[in-house]
Amino acid sequence: MKVTLLSKPYELAQQCLLAMNISYICSRCHRRFALNTFAYKCECGGAFELEKVPPKLSLGKLKSRANSIWRYREVLPIIKDENIVTLGEGMTPLIKERIFDKEILLKLDYLFPSGSYKDRGASVLLSKIKELGIKTVVDDSSGNAGAAIAAYCARAGITCEIYCPETASEGKLVQIRLYGAKLNKIPGSREDTAQVIQKKAKEVFYASHNWNPFFMEGTKTVFYEICEQLDWKVPDSIIMPVGYGSIIWGIALAGRELKDMGVISNLPKLVAVQTEAISPIYEAFRKGETKVTPSAQGRHTYAEGIACANPIRGEQILEVLRATDGEVIKVSEGEIAEGINILAQKGIYVEPTSAVVVAALKKSLKVEEGKTNVIILTGSGLKATDKMLKIFREFAAKEKV
Ligand SMILES: Cc1ncc(COP(=O)(O)O)c(C=O)c1O
Ligand SMILES: [Zn+2]
């Protein structure tokens, strides 16, 4: 892969970044890359991680800070405040509920400006892109991340082009267009969309929410928030949907930082949820493998956000799951519908990708009564009306029989 180094504004930004001691490091061969590279992965194919000075957070200062992800300012690696691109995202509610007779805490991470938790990552990634002086970006997405990137590009005055599967929920696609991004609908699976963007990424900066580690610097804030909301106690388990793994990876990152700072001493059991249609991480975990074999593509699931046949950080996700004594659960389309219904009866309206966690709660061996168990709800149902309606009709038809 050609690594392009850019001139002037990028060089200036680069000097600041070197002063901060921060660079990309390949997770596979450990080669270092400057942050102003146009490469989005290493020549060996490995994903980048960030190499940086371990951050230090002043817990005492938090009380007086904004109720957004930026309250954790010291751990978000943006140099100048003026480059922060924000819509006031974060500090979502953590509420108590009983489901399947288990007491749980629901983290309402669908309550974000663009309607999904992806705003956490988009805010930090776009802040960094602004700081680097980059004016045009592309990304590929199942819909939510594309909408989040487009929203924060609009906020930052950055031109943006998004590639989505043509089957993505209309609500997400309309959103992307209205934010002013150019939208390209790609026939086929989520992997087909990921393939198409490879060519484009050689010409324009690829603001990839899956490859670029600055996105995970944003998604990690969910774990900072959960711990703060629990008075810096670590919950016993966290259940979440996993496709490419931005939430689980973010939690692992935050956990490592909080442990290094001496704020916490352990991580919760992490429970990843996939669907019966596409479950590469489930299969690898069950077989005790360390690498993920891509699953067959094209199988239908309403959980479009986790329809990822080939997760790029698969090995790391497996490592995190095993290190935390976690597990992977797969759920059926019927169970997704049931999950939507159960949550809606409690006033919570989430999309199918998000509702997978409900059935997992029933099946999990790691969620024990009397312990602190958290479920992360990631995306609003309001954006997936077309799918919600289909599910509702199928559900109603079955109930009649
Ligand atoms: C609502 C929702 N939840 C969860 C996910 C899974 O995120 P990841 O692919 O980073 O694991 C997505 C991804 O698009 C999503 O849209
Ligand atoms: Zn490498």
Practice problem: Would you mind computing, in nm to one decimal, how far apart the modelled labels at GLU319 and LYS287 are, each placed 7 Å from Cα along Cα→Cβ? | Solution: 2.1 nm
Quiz item: Relative to the present Cα-Cα distance, how much length would full extension add between LYS61 and MET261 at 0.36 nm per residue of separation?
Solution: 70.5 nm
Quiz item: Counting Lys +1, Arg +1, Asp -1, Glu -1, what net charge surrounds ILE197 among other residues with beta carbon under 9 Å of its beta carbon?
Solution: 0
Quiz item: Considering only protein heavy atoms, what per residue accessible area in square angstrom results for the range 177-330 with a 1.4 angstrom probe?
Solution: 38 Å²
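Where in the range 209-312 are there trypsin sites (Lys or Arg not before Pro) that are in a DSSP coil and have at most 16 other Cβ atoms within 10 angstrom of their Cβ?
Sparse-neighbourhood loop trypsin sites (Lys or Arg not before Pro): LYS233, LYS287, LYS291, ARG299.
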Quiz prompt | Loop chymotrypsin sites (Phe, Trp or Tyr not before Pro), the range 50-121, which have at most 13 other Cβ atoms in a 10 Å radius of their Cβ (DSSP) | solution = PHE100
Quiz item: So what's the chain giving for Cα Rg divided by 2.2 N^0.38 Å, two decimals?
Solution: 0.93
Quiz item: How many angstrom lie between the C-alpha centres of the range 129-164 and the range 269-333?
Solution: 27 Å
Quiz item: Contour minus end-to-end for LYS182 and GLU399, with contour as 0.36 nm per residue of separation and end-to-end as the Cα-Cα distance?
Solution: 73.9 nm
Self-check item: Within the chain: Cβ-based charge dipole about Cα centre, in debye rounded to nearest 20 (Lys, Arg +1; Asp, Glu -1)
Solution: 520 debye
Practice problem: Determine the relative contact order of the chain: mean sequence separation of Cα pairs under 8 Å and six or more apart, normalised by residue count, in whole percent. | Solution: 16 percent
Self-check item: Reachable lysines, given that their alpha-carbon falls under 17 Å from the alpha-carbon of LYS202 and they are not under 8 places away in the same chain
Solution: LYS2, LYS41, LYS135
Quiz prompt | Accessible carbon and sulfur surface of the chain relative to its total accessible area, %, 1.4 Å | solution = 52 percent
Quiz item: So between ARG32 and HIS300, what do we pick up on full extension, going 0.36 nm a residue minus the alpha carbon distance?
Solution: 92.6 nm
Quiz item: Amide H neighbours of ILE264 under 5 Å, counting only residues 5+ apart in sequence or on other chains, H built in-plane at 1.01 Å?
Solution: LYS259
Practice problem: Would you compute, from DSSP H runs of 4+ residues alone, the mean residue ellipticity of the chain at 222 nm, taking -39500 (n - 2.57) per run and dividing by the full residue count, rounded to the nearest 500? | Solution: -11000 deg cm²/dmol
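For the range 116-179, state which GluC sites (Glu not before Pro) are in a DSSP loop and have at most 12 other beta carbons lying within 10 Å of their beta carbon.
GLU166
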Exercise. For LEU389, put the label point 7 Å out on the Cα→Cβ axis and report which residues of the range 144-173 keep their amide N under 17 Å from it.
Key: 167-173
Practice problem: Read phi for every residue in the range 291-297 and hand back ³J(HN,Hα) as whole Hz from Karplus 6.51 cos²θ - 1.76 cosθ + 1.60, θ = phi - 60°, with x for Gly and Pro. | Solution: 10, 9, 8, x, 7, 4, 9
Quiz item: If Lys and Arg each add +1 and Asp and Glu each add -1, what is the summed charge of the other residues whose beta carbon sits under 15 Å from the beta carbon of SER208?
Solution: +1
Exercise. With only alpha-carbon atoms counted, please give the Rg and Dmax of the range 242-315, in Å.
Key: 14.1, 45
Self-check item: Cut-off 15 Å between beta-carbons: net charge of the residues surrounding ASN184, Lys and Arg +1, Asp and Glu -1
Solution: +1
Quiz item: Against the longest principal axis of the chain, how steep is helix 385-400, in degrees 0 to 90 to the nearest 10, with axes from Cα atoms?
Solution: 10 degrees
Self-check item: Nearest 10 degrees, 0 to 90: helix 144-156 Cα axis against the chain principal axis
Solution: 40 degrees
Quiz prompt | From phi via Karplus (6.51, -1.76, 1.60), per-residue ³J(HN,Hα) for the range 236-253 in Hz, x at Gly/Pro | solution = 7, 8, 9, 10, 7, x, 9, x, 7, x, 5, 7, 5, 5, x, 5, 4, 5
Quiz prompt | Crossing angle, helix 190-200 versus the chain [Cα axis fit, 0-90 degrees, rounded to tens] | solution = 10 degrees
Quiz item: How large is ³J(HN,Hα), in whole Hz, for each residue of the range 345-356 in order, when computed from phi with the Karplus curve 6.51 cos²θ - 1.76 cosθ + 1.60 and θ = phi - 60°, using x for Gly and Pro?
Solution: 5, 9, x, 10, 10, 10, 6, x, 4, 7, 6, 4
Quiz prompt | Separation in nanometres of the label points that stand 7 Å from Cα toward Cβ, at ASP231 and LYS346 | solution = 2.3 nm
Quiz item: Taking every DSSP beta bridge that has both residues in the chain, what percent is antiparallel when rounded to the nearest 5?
Solution: 35 percent
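The values are calculated or read from the model by the stated rules, or taken from the named source; none is laboratory data. The structure displayed is predicted, hence computed values, not measured ones. Note: ideal-geometry Cβ built from the backbone for every residue, glycine included; neighbour counts use all protein chains shown. For accessibility, only protein heavy atoms count, side chains too; no ligands or nucleic acids. Shrake-Rupley method; radii C 1.70, N 1.55, O 1.52, S 1.80 Å.
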